[in-house]
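Input: a single structure, listed below in structure tokens.
The values are calculated or read from the model by the stated rules, or taken from the named source; none is laboratory data. Not measured: the values here are computed from a predicted model. Cβ sites come from the backbone with ideal geometry, for glycine too, and all protein chains shown count toward neighbours. Ligands, DNA and RNA are stripped out before the accessible areas are found, and what is left, the full protein with its side chains, is counted by its heavy atoms. Shrake-Rupley method; radii C 1.70, N 1.55, O 1.52, S 1.80 Å.
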Amino acid sequence: MFAQLLSATIEHLEELKTKGVRRVTVNPDNLQSLMQESTPQSSGIEHKPQMSPFTGKPQQKTDGREAAIEHLKTEIGQCAKCPHLAASRKNIVFGIGDIYSPLMFVGEAPGNDEDRAGEPFVGRAGTLLTKIIETMGLSRDKVFIGNILKCRPDTPGVEFGNRKPTADEMKQCLPFLLRQIEIIKPRVIVTLGATAMEGLFQRKVAITKERGHFLEFNGTPVMPTFHPAYVLRNNSIQTKRMVWEDMLMVMERLKLPISQKQRSFFT
Ligand code: URA
């Protein structure tokens with residue numbers, strides 16, 4: 001509020017100056033109250049540290065990982081390890097959210113919508129993922145969302161539609177995700193769908209069997225669950241409940257508060 005007031009005042013004074021005004025009269029009371037506003041005790045919300053929904057305490061963002069992330073972003077921006085994808089992509093989809101978050105979601109690859117937006121999970125599946133995150137009491141900017149592949153798998157000759165990334169494409173791109181994990185150091189990773197699991201663990205996965213149980217990836221707990229696109233296609237309450245039970249386990253692991261209402265969704 002104070003900053004807004006100050007910039008409006010400066011703007012007004014600049015305008016007067018361009019009109020040749022060299023002196024202004026200020027009411028001493030107004031000046032006094034402006035000075036009080038600028039003292040640290042009353043500087044308003046701008047300096048309030050953000051509270052972490054994970055700890056309930058002010059969020060610590062002090063270990064300087066931004067530089068490592070920026071460096072990685074630049075490196076990925078120049079990547080042409082899959083020449084066909086480098087040629088067809090509109091944008092690289094690096095990932096989005098809080099690089100200090102203890103929770104990371106990993107999907108398979110950007111689709112058409114994500115390729116256009118340069119942001120993961122913005123299409124229909126993305127809307128559902130956002131809803132799941134919000135039902136957990138969080139928001140997209142309090143978690144990190146990424147993919148195994150940073151480029152959209154191309155569909156030569158077809159403008160729309162998506163395809164599954166190949167095993168080789170995932171192998172080429174995986175080192176970037178590993179570096180993201182190394183920098184962000186999430187306390188829990190949620191993989192979305194069988195392909196994301198296959199890309200991360202480099203093996204075949206039967207998602208129906210593996211979902212709902214924590215695994216470990218280089219010491220980080222991983223919860224495999226269904227891909228939101230599958231939930232949309234399947235659209236049964238049982239599938240929704242299964243995904244929700246997986247998220248309840250994640251919330252318990254992260255010691256997030258869980259209400260009775262949250263526990264009973266989709267029952
Ligand atoms: N599906 C994914 O796996 N990732 C996205 O970013 C969007 C849809």
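Net length available on complete extension from SER139 to GLN262 is 42.7 nm, with 0.36 nm assigned per residue and the Cα-Cα distance removed. In this structure the range 169-267 gives 49 Å² per residue of accessible area when probed at 1.4 Å with all protein chains present. Label separation (GLU159 vs GLU66): 4.0 nm, computed from points 7 Å beyond Cα along the C-beta direction.
Given a Förster distance of 35 Å, report the FRET efficiency between GLN59 and THR166 from their Cβ-Cβ distance, rounded to the nearest 0.05. Calculated value: 0.35. Of the peptides 239-245, 143-149, 214-220, 259-265, the order by per-residue mean of other Cβ atoms within 10 Å, starting with the highest, comes out as 143-149, 239-245, 214-220, 259-265. You can think of it this way: the chain between THR74 and ARG187 has 38.1 nm of extra reach, that is 0.36 nm per residue less the Cα-Cα gap. Between rounded, prolate and oblate, where does the range 67-222 land on the alpha carbon gyration tensor, with a ≥ b ≥ c its root eigenvalues, rounded for a/c under 1.5, else prolate if a/b exceeds b/c? It is rounded, given that a/c, with a ≥ b ≥ c, falls under 1.5.
Oblate is the label for the range 119-175, because a/c, from the alpha-carbon gyration tensor with a ≥ b ≥ c as root eigenvalues, is 1.5 or above and a/b does not exceed b/c. A simple spin-label model places the labels of SER236 and ARG116 3.3 nm from each other, with each point 7 Å out along Cα-to-Cβ. Ordered by solvent-accessible area of protein heavy atoms (1.4 Å probe), largest first, the residues GLU70, GLU210, GLU75 come out as GLU70, GLU75, GLU210. Using a ≥ b ≥ c from the Cα gyration tensor of the range 211-267 (square roots of the eigenvalues), is it rounded, prolate or oblate, where a/c under 1.5 gives rounded and otherwise the larger of a/b and b/c decides, a/b for prolate? Note, shape of the range 211-267 comes out oblate. Among residues other than ASP98 with Cβ under 14 Å from its Cβ, the summed charge is +3 (Lys and Arg +1, Asp and Glu -1).
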